[in-house]
Structures are given as structure tokens and as C-alpha cells.
Amino acid sequence: MKEDTLILSFESSCDETSVAVIKNGNKILSNIIATQIKSHQRFGGVVPEVASRHHVEEITKCIQMAMDEAEVSYDDLDAVAVTYGPGLVGSLLIGIMAAKTVAFAHNLPLIKSNHLAGHIYSASFVTELKYPFMALLVSGGHTELVYVKAPGDFETLGDTRDDAVGEAYDKIGRVLGINYPAGKEVDRLAGIGKDTFNFPRAMVQEDNLDFSFSGLKSAFINTVHHADQVHEELNKADLAASFQGAVLDILVNKTFRALKTHPVQQLVVAGGVAANQGLRKRLASEIETRKLDMDLIFPPLRLCGDNAAMIGAIAQIQYDKKDFADLTVNADPSLDF
Amino acid sequence: MKILAFDTSNKPLTVAVVEDGKVLAHMESTEIKTHSVSILPDIQESLKTANLSVNDIDLIAVADGPGSYTGVRIAVTVAKTLAFTLNKPLVGVSSLRVLAANGTDGKLAVPVIDARNDNAFAGAYILKSNEVVNVIADQHISMDKLFELLANYDENNIQFVNVSEHLAELIQNKMPNAEIILTKDSLPNAAKLANLAKDEQPVKDIDAFVPTYLRLTQAEHDWMEKGHKEDGNISYVEEI
Ligand SMILES: [Zn+2]
């Protein structure tokens, strides 16, 4: 019998301070998440300096809660893991400094993990991953199609050329007068509206796997501004449904294009936008109509946003490979695969 | 009592291990190091030089600002996490007080950290027989305002510490008789920080320990200008 591995993991790349204790990469003993949403709502988006300040306020409280809830002591731990990028440099640094300090103080191996890889591996809490698998990573910072050949072996097949999909939701949400973050409310409105505006589906004809949302965003904003100028009232739900319809067409088109050249048994959808109900339903129905023998895996809602549990999952793979870091680890704000 | 002290609130990085006034290890970097990269290896090396394990330390002392926001956060995060995880007492000392300790006995030391646009983080301290007594509170202040506050003091006895070349020009114009110690000649010294810390009360609530920024962020400042008020009851961060 293989002995259990316990990893204390840290995530602070944006506006969530999170600390988790993960067993064997797939069991959550604790996953504390302190969110700063209320603070950044004052400014309509994440303000990096404010985020960094909040992380310092929260960090030791989160460690304490994570250790307490998991009912473990430092002697029980096998390693400490931390997100070192991508993300906001000032925010990343707080998790990194705290993780390095705990590793140093208790003489534990340190693992530096990629935030994007963490998002993908949040699926390990749902089911056992079978290689190769495909991941559609959709969040406020990223829109990527990633082919995962073997544990921790990533190949980016497609990326966004401009805005991330979650960012586009926030921007059109602002135009609709929806508070940041807008994704959930736009998704709700889309559910009750009709796709009547026929917004452009960028790059769906192109034979590549890259995404673009800025054209869609501009078309949306122009439509609303034009209506404002002529004092015409547009149906918000129909606007939301039309926006979301275009987004889903783009995501679905590129995802199934990728699956044609890279067939897999599992499609993992991860990141904050993976919480989108419209996306969940649409992907499921597309797989059915295409009669694909493929599992569609969505992490539970709590693991779609930023959290340290997912870092514990990818860190387990690094732990098994003895991929350890030393105390000189620094933030890498633009880290990719 | 064995004290581990460090300061990353300005460009130099300094770490020291001091036992009952005796300096067991002292590191001071003049070249620009990346604090986030160097701080833990430097702490490790200092402890090694002092022939101690981190568990042997009785007190952790840190310069807690004002200074570079990111710089101060690095040292404060390491200090509070270390104190928290090893259950050790923690003392925060003003970064300006640490700089003031570089002054001369008998002088009024005025540490200034250039905050651009003729502003500074500054305070004033009287130095006498190893004590560094605060007389003008640390604050973010325009240089003109600082000169006003210092008008009551004997200019010949004033010693500006940690002066940037730009601030040196302003000072020479306004207070030509005051002494100026330039930034390069007044590196923060963690051994002196340890000595300042030994007489202070340890932090009561380590979780609540944060840097002394002395300035709101621009976003919060603008938000308040728009008429918003902090009512003190809103918790902006919540566990979910
Ligand atoms: Zn994320």
C-alpha cells in the first residue's frame, strides 16, 4: 500500500486568499477561501494594490482554518505547494512568501504550481483522469484549449487573441448595469431571453483553435449605445441571450474542432466560467447529438473559481515526480504552460 | 534572548540574528536584490552563521513600514507567517525608526523616504544613549509641510537620514544648516532593528498584523472622494 500524501497548498493569484489541505491529490480535507469580491465591487473590478493588502490581512487566518478543519499538524504534512503564476504579481507574492516561510519553518519540500494547471486538475476531485484528455479552460483571465497528454504534460492548442471570456462577460455586464462580477447574472438573464440580435461569431470559420471576443464585445456595446441614442429600450434578457449564444457558439466550435484532431475520452471544463449553466447544458447536448463516447467533466461550483484545493491536486503530480522548488521561488505573472 | 530581525521596506535587504545585544549574524545588501527571492535564503544563511535553528529564536522583529508597498509586504508576510507557524512573539518596528537609528547621538534624526512629487514618508526622532525616541509621528507629508513642522527645532541639530538626491536639493535650499545623510550612507541595519525591538511589546494579534502603509490606495482614495464613507462595519473579505 502506498502511503498517503498530505499537501498544504496556497493560492493567492488574484482576489481570493485560499489555503487547503489535500490528501493524495484527490481528497479535500479542507479548502478555505476568503474572497475579496465585496471590496473590489466598490471599484468595478479587481484593484491590484487593494488585493495585495487584503491577502496580507487574511493569510495566517486561512492557514489556521485550513489546518484546523483538516485536523492535521505540521508533522503530518508531506509538502507545501503554492501558485507562482500566472496572476497579479503583488497578490501572488503573498501566497509565495507565506508558503516558503511555512516550508522553511517546518523543513518541508516546496512545490511551485501553475495556476492554469491547477484549474484543469480541479477535475481530479470529480473523477479519475484518463490520459490523454482535453481541457477547456474558461475564466476571467483565460480562454484556452489544452491537450493533457500525461500527468502534468500540457499542450496549448488554442488561446484567446484578445479578451478572456470571463472578462467579456464583465465588460458587457457593466453596459447592462450589472455589478461586477457579471457572469452569473448574464447567464441567468440568458436563460430567460432569446438570441435575437445575431452578434458576430468571431473566427469560427477559421481553421485554427484560437478565440476572440473583442469583436463580439464591441458589437454588443455599439448596439446598446445606438439604442440609447435613439431612446429605444432593448430587452436585457434578449441581449444577454444573444451575447451568450455567440460566446457558446465560439467555444463549442473551437472545442469540437480540437476534439476532431485530438480524440479523447474525457473533456474537462474548468475555470470560473465553467460555472455557467448555459455552457454546461450546451456542451452536454452537443456531445449527445454528435454521439461522442466521451465524458464531460465539470468541477463542482466551489472549485470553478480560484481555490487552493486545485493547487493541491496538480502539486500531487509534481510531488510524485519529485519536482521540488527551493526558497528562491519568485512570482511569474505571465506564466503559461 | 535571541532575535531574528529583517527589513525589506526599501531597496536594501538586511537580516540579523542578535543575542542579548551581541550580533551573531548580520547581512546587508547594497546591490539591488529581489527581496522576494532573497529574503528566505538570507534568513537561512544568517541562522547558519549564528549556528542556530529557526526554532531557537525567541523573538521575530520586522520593519513594518512605511516604505515600498511590495517591499514592506514581503517582510511583514514572512514575519507574521513565521511567528504564527512557530508560535513565536513578533514585534513590528517603524521602518523610519530603523533609519533614524543610523543618526548620531544627541541629534534630531529626520528619516525621509522619497514618495515622489516632493512628498515623503517622514518622522522625527531624538537619539540619546541608544534610545530612538519619536517626537514627530511618522506620516506621508509634503516636504514643505515637513519643513514647517521642523521650524521649531534647532536647524543645526537636525540630521536628515536616508535622503534621495532630489530631496537633498530641497533640503539644502530650505534648511542649509541641517546635516544630510544620503540614502547610500544610511542603509537600514537589522542589528539595530533587533535592538529597537527588544524593548517593545510583542504584537497581540498576529493575524491582524499588517504593514503600516500610511497611505490609502489610489482606488480607495478616489472612492472616498466621491463621498463614500467607510462605516467600519463592512467586512470586505469573507470566507465562502
Ligand atoms: Zn483562476
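The values are calculated or read from the model by the stated rules, or taken from the named source; none is laboratory data. Note that the structure is a prediction, hence the values are computed from the model and not measured. Using ideal geometry, Cβ is built from the backbone for each residue, glycine included, and neighbour counts are taken over all protein chains shown.
For segment A:66-118, which positions are under 13 Å from A:Gln318 (Cα atoms), out of contact with any Gly (no Cβ under 7 Å at 6 or more places or on another chain) and of a type in the set (Ser, Thr, Tyr)?
Within segment A:66-118, just A:Ser113 meets the criteria.
Can you report the number of residues in segment A:289-311 which are within 14 Å of chain B (Cβ to nearest Cβ) and away from the ligand (no atom under 15 Å from the Cβ)?
1
Within segment A:73-91, identify whether any single residue is in a helix (DSSP H, G or I), touching a residue at least 24 places away in the same chain (Cβ under 8 Å), in contact with a strand residue (DSSP E or B) (Cβ under 8 Å, 6 or more places away or on another chain) and over 18 Å from B:Leu86 (Cβ atoms), and answer yes or no.
For segment A:73-91, residues in a helix (DSSP H, G or I), touching a residue at least 24 places away in the same chain (Cβ under 8 Å), in contact with a strand residue (DSSP E or B) (Cβ under 8 Å, 6 or more places away or on another chain) and over 18 Å from B:Leu86 (Cβ atoms): absent.
Could you list, ordered by first residue, the pairs with Cβ atoms under 9 Å in which the first is in segment A:296-318 and without any contact (Cβ under 8 Å) to a residue 24 or more places away in the chain and the second is away from the ligand (no atom under 15 Å from the Cβ) and part of a helix (DSSP H, G or I), at least 6 apart or interchain?
The qualifying pairs do not exist here.
Can you name the residue in segment B:1-60 that is hydroxyl-bearing (Ser, Thr, Tyr) and within 14 Å of chain A (Cβ to nearest Cβ) and, of all such residues, is nearest to the chain's Cα centre (by Cα)?
The residue in question is B:Ser9.
Determine whether segment A:143-151 contains at least one residue that is out of contact with any strand residue (DSSP E or B) (no Cβ under 8 Å at 6 or more places or on another chain) and away from the ligand (no atom under 16 Å from the Cβ). Write out each step before concluding.
So in segment A:143-151, the residues out of contact with any strand residue (DSSP E or B) (no Cβ under 8 Å at 6 or more places or on another chain) come out as A:150-151.
From what is left, the residues that are away from the ligand (no atom under 16 Å from the Cβ) are A:150-151.
Taking every residue of segment A:143-151 in turn, at least one turns out to be out of contact with any strand residue (DSSP E or B) (no Cβ under 8 Å at 6 or more places or on another chain) and away from the ligand (no atom under 16 Å from the Cβ).
Quick check: anything in segment A:246-263 more than 14 Å from chain B (Cβ to nearest Cβ), among the small types (Gly, Ala, Ser) and surrounded by 15 or more Cβ atoms within 10 Å (Cβ to Cβ)?
Taking segment A:246-263 first, the residues more than 14 Å from chain B (Cβ to nearest Cβ) are A:246-263.
Going one step further and asking which of them are among the small types (Gly, Ala, Ser), we end up with A:246, A:258.
Then drop every residue that is not surrounded by 15 or more Cβ atoms within 10 Å (Cβ to Cβ), which leaves A:246, A:258.
There is at least one residue in segment A:246-263 that is more than 14 Å from chain B (Cβ to nearest Cβ), among the small types (Gly, Ala, Ser) and surrounded by 15 or more Cβ atoms within 10 Å (Cβ to Cβ).
Taking segment A:1-45 only, how many residues are within 16 Å of the ligand (Cβ to nearest atom), part of a loop (DSSP other than H, G, I, E, B) and surrounded by 20 or more Cβ atoms within 10 Å (Cβ to Cβ)?
5
Search segment A:264-285 for residues being away from chain B (no Cβ under 14 Å), in a helix (DSSP H, G or I) and in contact with a strand residue (DSSP E or B) (Cβ under 9 Å, 6 or more places away or on another chain), and hand back the single one that is farthest from A:Ser13 (Cα to Cα).
Selected residue: A:Ala284.
Failed condition for A:Asp228, given (1) over 22 Å from the mean Cα position of the chain (by Cα); (2) modelled with pLDDT of 95 or more; (3) in a helix (DSSP H, G or I), with all others met?
(2)
For a quick check of your reading: which strands (runs of 3 or more DSSP E) sit entirely within segment B:38-121 and have at least 3 residues that are surrounded by 24 or more Cβ atoms within 10 Å (Cβ to Cβ) and hydroxyl-bearing (Ser, Thr, Tyr)?
none
Being among the charged types (D, E, K, R) and facing another protein chain (nearest Cβ under 8 Å) is the filter here, so list the residues in segment B:188-226 that pass it.
B:Asp207, B:Glu220
Can you report the number of residues in segment A:160-185 which are surrounded by fewer than 23 Cβ atoms within 10 Å (Cβ to Cβ) and more than 18 Å from A:Phe43 (Cα to Cα)?
6
Mind counting the residues in segment B:65-89 that are farther than 27 Å from B:Gln139 by Cα and of a type in the set (Ser, Thr, Tyr)?
1
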